[in-house]
Amino acid sequence: MTFAVTGRRLAQGIPVLVGVTLATFALTALIPGNVAQVLLGPRASPQQVRALAAAYGLNQPVWVQYGRYLARLAHGNFGYSPVLDQNVGTAIVQRAPATLLLVAYATVLAVGLGVPLGMAAARRAGRPADHAIRLAVVTGLSLPTFWVAVMLILFVALPTRMFPVAGYGAGFIAHLGYLFLPALALALTFIAVITRGLRASALHVLQEPYVTTARMKGLSRGQLMRRHVLRNALLPVVTIAGLNMAWLISGTVVVETVFAVPGMGQLLVNSVLDHDYQVVQGLVLVFAVFVVLVNIAADLLYAGLDPRVVVR
Amino acid sequence: MRISIRFLAAAAVVSLAGAVAACSSAATTGIGSARSSGQPVHGGTLKVALYSDIQNINPITSEDPVAQLMWGNWWQYAVYATPNGQSLQPMLATSWSITSDYKTYTFQIRPGVEFSDGEALTAEDVAWSWEYMISQSAAQMNFLAPRIASITAPGPLTVRVVFKTPYPYFLDDVSGFEAVIMPKALVEKEGWSAYLRHPVGTGPFVLTSWQRGASIQVTRNPHYWQHGLPYLDGITYLVMPDDQSRITAVESGTADVATQIPYNEVRSLSSRPGMYVANFPQSIDWNMVLNTLDPPLNNVLVRRAISLAINRAELEQAALYGNGVAAKTFLPDPAGLTFADPALNLYPYDPAKAKALLAQAGVRNLHLTLLLEPGQAEAATGAVIQADLAAVGIHLSLDTVSETSWLDDLTSQKFQLTTSFWQDISPNPINQIQYTMVPDYAAGCCKAFWSSLNDPAVIAAAQAATTAVGSHAALQPIFNKAQIAEAQAADPLPLYNDVTTPTLMSSRVHGFAENPYDGAYFAGIWLAS
């Protein structure tokens, strides 16, 4: 049953991905200017420009170029980057680990901080601790990621000299050190989203009759919150987290640029600046696939957490 | 000429580590070098924050100034430009002689030099390397192919180059472009592509790892020919495209050097403790191009009026924050090898005369549009020129477009005015003169810097300069005539010269030096403990 549902959901994602390829291809095609001329520079002769355009099929009608692009994708070929002088797929694979680790790290930080904060706020609803947490959460939601990243560098990394401000390091332990501040910057809004969602959900659960029953059975406050409130309150948070994963991934573009993390986000920025459209198209597609997969996973997880939910 | 295909931002490398010892006084004092005080210390790994990764390591096709800078770690030239860019000195060639007709060059190759794989450098390697690069149709040096009669190695350490016609710039050419010296036997054995994956040269370091988009690692060449050098065990280059990230990397100790610091940061960074800003010379000439295809810019009086209306000193301050110089000739500073003669002072500021010229031309209520690329310097340039032209009665609209649109409009000549630049990639001056003054410079490119100016007097002056033969002193008056002819035609209009590359360094870094053609001297760098 789960395999069938997963397969159906994956199949439903295909039109979304085709739409993404169409949108990114159309956008890059609409950008004014001759890509071959940009790659060769202003001192290239017209013959050289024409030769490069022909070599990359840029002299073909846009719909022909798009058709060839889809055909290449069907064979797992993302194209070739003349700027990087390597296959786009290879370039993305080389940079994917840093981005995936950054996203995972930020998720762990967000859940690790957001869940206790949300539960603490719900448990102390209406009291000063709740107000303080809600104020911090609203502040966190309001701060743009790039600004948070710069502030972390200026007021945490530089004075303490405890955290590297740029790069990725060598080895897993070094990666964790290098990515701590980028992950924290990325996680801040996510923490706020989880905290708010969990607080609201937990407050709702606390009104449920089964919670009253559990309380009457003599469960301690801690046991009650962990066993009955948290588990049931997490359900809507899973949905919220799934939806916000797209935001988290897009945030890597900014954070990786500020912290010079050699991931897919930084590659995307560089490729846009270098007019390396093959890489831009490949990266946007990979990001889209990631978002689709995360949302499918959230749906399935939701069903796993709540047997009443049936995913069709 | 093949040089024409090179992107304006390209820069030549003259590398060379060993140069530092050969001319330590030049590398440790004055323009072009970082501070160097105290006793050099051996050991340590320098961390350099680079503004971009190597995009193309292949010297035949690379348009990439970062790659050209990085070559200096592992490749060297026969001749190199000094850090101030004003003279050429020996590197892998210890001496040379040139016949009085400038047709035969004979080089003596340095004995005892080994490649990083331990093989000895021979004259055969040098002759083959030059021949190989010049024969590649995509290479910059290919423009020499029709001029050269032969390149031979008549002795184990002697190379002879014979030209069909007199040619006085071969030393300039082999100090830059792709004239790196490679091991003939190894390249022929491995093949070009395989060789480029693990390039072997005579430079002070060896490329040991390259994580694309992230880092490049070079380590000490155990066979390096200069005794006691390099000082460093290695250099790690960290790719950090964001300006602020590079700066904070040095501030936090993550990196020791940050390249390409924005001009507007130089002053504040210069006063920070524990670091300093080294200004390496570069040779870039920013111009305003006037499209002469349509009136009134086809009228030389209007073009001269526009030139006289621009306050270039004010413009330089706005665009480069005092890190450049107002243009006085279209050839970039630094003077010396390039024949630039700022004393000519060909672009004065005289708004009264500008008004008189406009009246003489019968032009009133002139409306023009200046096409600009995005960028701080471009925006400042546009604003100042707009105000200057308004003062003489010319209404200027600014049209800022994306780089791709700008390039499209430039090459299809859909503009009235625009800005662009030239960067010297070797001391050889004839390429800039031809690109700027001759409409059909190469294979349909580039319409006299895209101005479409076709002035017989300008073309004749360019031809005279580019075909003249003689000593530098004898050639200078001929090149001055070319500079004057270009100024009288008033298109393109030089604005300012970008003469320094600000580089942020930790106080620990000593002996870092670069010349104006992006050649860096890596062997002499050392880190204070």
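Peptide A:31-42 shows a mean partner chain C-beta count of 6 within 10 Å per residue C-beta. Seen against the Cα atoms of chain B and their longest principal axis, helix B:351-361 is set at about 60 degrees. Legend: distances between Cα atoms for B:328/B:355; B:103/B:481; B:164/B:328; pairs beyond 29 Å are B:164/B:328. Extents of region B:361-505, largest first, come to 54, 46, 32 Å (Cα atoms, principal axes, whole angstrom). Here the scattering of region B:174-234 is modelled by Debye summation over its C-alpha atoms, one equal scatterer each and no solvent; at q = 0.15, 0.17, 0.18 Å⁻¹ the log10 of I(q)/I(0) is -0.56, -0.72, -0.80. State whether region B:195-293 is rounded, prolate or oblate according to the following rule on the C-alpha gyration tensor (a ≥ b ≥ c being the square roots of its eigenvalues): a/c under 1.5 gives rounded; otherwise a/b larger than b/c gives prolate, and the remaining case gives oblate. Taking the square roots of the gyration eigenvalues as a ≥ b ≥ c, region B:195-293 is oblate. With Cα atoms as the point set, the protein assembly as shown shows a radius of gyration and Dmax of 30.8, 110 Å.
Take every Cα pair under 8 Å whose residues are at least 6 apart in sequence, average their separation, divide by the length of region B:422-529, and the relative contact order is 19 percent.
Here the contact order of chain A, divided by its residue count and restricted to Cα pairs under 8 Å and six or more residues apart, works out to 24 percent. Note on chain A: Cα convex hull, mean projected area over all directions, 20.7 nm².
Hydropathy at least 1.0 by Kyte-Doolittle, axial extent at least 27 angstrom from the Cα trace: which helices of chain A, defined as entire DSSP H runs, fit?
What comes out of the filter, once short or polar helices are dropped, is A:2-30, A:88-123, A:172-206, A:231-258, A:277-305.
The lysines whose alpha-carbon is closer than 19 Å to the alpha-carbon of residue B:447, local same-chain residues fewer than 8 away aside, are B:414.
For region A:211-281, what class follows from the C-alpha gyration tensor (a ≥ b ≥ c being the square roots of its eigenvalues): rounded when a/c is under 1.5, otherwise prolate if a/b is larger than b/c, else oblate? Judged from the Cα gyration tensor, region A:211-281 comes out prolate (a/c at least 1.5, a/b above b/c). Measuring nothing but how far apart in sequence close Cα pairs (under 8 Å, 6+ apart) lie, relative to its length, chain B scores a relative contact order of 24 percent. In the protein assembly as shown, taking the dipole from charged Cβ atoms about the Cα centre, the farthest positive-side position among A:182, B:118, A:229 is held by A:229.
As a rough guide to protection, the peptides B:341-350, B:418-427 ranked by mean Cβ packing within 10 Å, highest first, stand as B:418-427, B:341-350.
What shape does region B:339-424 have by the C-alpha gyration tensor, where a ≥ b ≥ c are the square roots of the eigenvalues, rounded means a/c under 1.5, and otherwise prolate means a/b greater than b/c and oblate the rest? Because a/c hits 1.5 or more and a/b fails to exceed b/c, region B:339-424 counts as oblate. Taking trypsin sites (Lys or Arg not before Pro) across region A:94-144, the ones in a DSSP loop with at most 15 further Cβ atoms lying within 10 angstrom of their Cβ are A:124. Pair-distance distribution P(r) for region B:61-214, from all Cα-Cα distances in 5 Å bins starting at 0: 2, 9, 18, 24, 21, 15, 8, 2, 1, 0, 0 percent. To the nearest µm²/s, what D does Stokes-Einstein give for chain B at 25 °C and 0.890 mPa s, using the Kirkwood radius over alpha carbon pairs as Rh? Estimated diffusion coefficient is 103 µm²/s.
Throughout, read-outs are computed from the coordinates displayed, never taken from laboratory work. Bear in mind that the values here come from a model prediction, so they are computed numbers and not experimental data. Don't worry about glycine lacking a Cβ; one is built from the backbone with ideal geometry, like all the others, and counts go over all protein chains shown.
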